[in-house]
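The values are calculated or read from the model by the stated rules, or taken from the named source; none is laboratory data. Treat the numbers as computed from the prediction; the structure is a model and nothing was measured. Every residue, glycine as well, gets a Cβ built from its backbone with ideal geometry; the counts of neighbours run over all protein chains shown.
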Amino acid sequence: MTSKSFGKTIGYILIFFLVFLIISGLSYYIITIIQKKNNLMDIGEYSPKSTLVVNENKIYRSKFPFIDVHSHHWDMPIQDLSTLVSEMDSLNMAYLINLSGSGLATFFGKQDLMERNLTSSIKNVRENFPTRFGVFFNINFNRIDDENFRRNTTLLINDAVNQGAIGLKVYKNLGLNLRDSEGKRVPVDDERLSFIWEECAKLNIPVLIHSGEPKAFFDPIDQFNERWLHAREKPNSFRSSDQYPAFDEVMLEQHNMFRKHSKTTFINAHFGWYANDLSKLSKILDELQNVSVEFGAVINELGRQPRAAKKFFIEYQDRILFGKDIYKKDEYYIYFRVLETSDEYIQYYRKRHGLWRLYGMGLPDDVLKKIYYQNALKMFPSIDKSLFN
């Protein structure tokens with residue numbers, strides 16, 4: 001190709017590209033005009049301001065001191081805890097449990113780095129605010145087929161507890177995408193992990209476990225899925241049947257594990273993903289007396305069924321712990337309001353979690369105290385009880 005013909009080719013390409021940009025921009029402009037004319041918008045943009053006039057009792061501080069048993073602070077090994085404690089004081093949070101004691105190393109599968117991070121997290125707490133934080137440790141299950149997995153993991157558990165860790169957090173990869181050396185999915189109730197739950201029972205520490213996802217994340221993403229907006233904004237959250245087990249299969253495995261290890265204390269994260277089916281959760285708790293639940297990230301499920309939820313909280317008041325999950329100060333306000341008031345039509349802070357409003361349960365003080373701190377104090381006897389006088 002001569003330099004002259006090459007120049008023509010480049011010119012044609014530039015002209016084509018320019019025409020493409022003009023047509024694309026014009027098409028976008030025309031579509032926008034048509035949508036505006038026909039009053040069309042994306043569901044994510046629709047944010048109606050309610051004309052409903054109801055009493056609002058906004059709460060920025062819990063009625064009683066509380067313990068958050070489900071929080072994540074990946075940078076705790078190096079975090080300046082004074083700012084966090086100041087925010088906790090403003091919320092009336094007396095004690096916070098960091099489930100991510102091993103830091104971000106948990107997601108890189110480096111057990112040695114996880115152990116160093118745990119040591120640094122505990123050291124930071126002890127040197128600065130020893131009565132305000134509890135730290136959980138984490139285990140790298142990717143090594144399940146290693147020859148010394150059982151021996152090394154048992155040593156790890158005991159070392160973590162000796163350092164001051166007060167529990168084990170198990171992440172959702174177990175049962176979903178964790179695979180062994182043969183490429184097989186590791187089920188939640190895998191027998192190769194049984195020694196871990198038994199060792200936790202022996203040491204009298206609880207296991208807080210997150211298995212699966214909300215039921216809707218396993219369902220087809222169509223016009224009938226109430227989490228459709230979540231699927232559009234966070235598509236990787238959903239679990240297609242060609243890559244993942246069914247929801248019921250993962251839940252059955254988890255309950256089998258609870259059943260087989262009745263001496264181990266389990267905290268089922270996120271209400272075990274049955275906050276939308278409290279009758280099912282009732283049957284689970286009735287059978288499995290070694291299981292408690294916390295409501296991190298599911299207050300939106302409880303708040304849309306206030307009468308049923310209130311009845312459940314009263315009936316199982318000794319088995320429920322306060323949990324939030326992602327730490328963000330102003331999001332606690334909705335938790336307080338749903339738990340403490342009888343307010344109606346409360347707007348939730350994250351639209352993709354559900355296109356509905358919440359209602360307060362108005363729990364009695366004796367139940368609130370149990371959920372806010374008394375149940376956790378029984379489970380974690382090392383917490384300074386004077387914080388709740």
Taking the stated definitions as given, is Y333 within 25 Å of A94 (Cα to Cα) and not in a helix (DSSP H, G or I)?
no
When you scan region 149-171, how many residues do you find that are over 24 Å from the mean Cα position of the chain (by Cα), surrounded by 15 or more Cβ atoms within 10 Å (Cβ to Cβ) and aliphatic (A, V, I, L, M)?
1
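Going by what's in this entry, would I157 be described as of a type in the set (V, I, T) and touching a Cys at 6+ places or on another chain (Cβ under 9 Å)?
The answer is yes for I157.
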In region 79-105, residue surrounded by the most Cβ atoms within 10 Å (Cβ to Cβ) [restricted to those that are part of a helix (DSSP H, G or I) and of a type in the set (G, A, S)]:
G103
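Would you say M76 is in contact (Cβ under 8 Å) with a residue 40 or more places away in the chain, within 20 Å of the chain's Cα centre (by Cα) and either assigned to a helix (DSSP H, G or I) or surrounded by fewer than 20 Cβ atoms within 10 Å (Cβ to Cβ) (or both)? If you could, list the steps in order and put the result at the bottom.
On the way: in contact (Cβ under 8 Å) with a residue 40 or more places away in the chain: yes; within 20 Å of the chain's Cα centre (by Cα): yes; either assigned to a helix (DSSP H, G or I) or surrounded by fewer than 20 Cβ atoms within 10 Å (Cβ to Cβ) (or both): no.
Taking the combined requirement at face value, the residue does not satisfy it.
Out of G272, G354, which single residue is under 27 Å from E233 (Cβ atoms) and buried (at least 23 other Cβ atoms within 10 Å of the Cβ)? Outline the logic, then answer.
Values: G354 fails: buried (at least 23 other Cβ atoms within 10 Å of the Cβ).
None of the other options fit; the residue is G272.
For region 160-276, please list each of the strands (runs of 3 or more DSSP E) lying entirely inside it that holds at least 2 residues being modelled with pLDDT under 95. Spell out the reasoning first.
On the way: elements: 167-170, 207-209, 266-268.
Counting at least 2 such residues, we get no strands (runs of 3 or more DSSP E) at all.
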Residue check: is Q317 of a type in the set (S, T, N, Q), at pLDDT 95 or above, surrounded by 14 or more Cβ atoms within 10 Å (Cβ to Cβ) and in a helix (DSSP H, G or I)?
no
Are any of the residues in region 286-302 of a type in the set (D, E, K, R), without any contact (Cβ under 8 Å) to a residue 12 or more places away in the chain and part of a helix (DSSP H, G or I)?
yes
Cβ pairs under 7 Å, 6+ apart, first in region 330-341 and assigned by TED's automatic domain parsing to the domain that holds Q305, second among the charged types (D, E, K, R)
Y332/K324; Y333/K58; Y335/K324; R337/K58; R337/D343; E340/K63
List every residue pair whose Cβ atoms lie under 8 Å apart, where the two residues are 6 or more positions apart in sequence or sit on different chains, the first residue falls within region 135-149 and is in contact (Cβ under 8 Å) with a residue 60 or more places away in the chain, and the second residue, located anywhere, is assigned to a loop (DSSP other than H, G, I, E, B).
F136/L99; F136/S100; F136/G101; F136/A165; F136/I166
Residues (surrounded by fewer than 18 Cβ atoms within 10 Å (Cβ to Cβ), more than 17 Å from L96 (Cβ to Cβ) and charged (D, E, K, R)) located in region 357-387
R357, D365, D366, K378
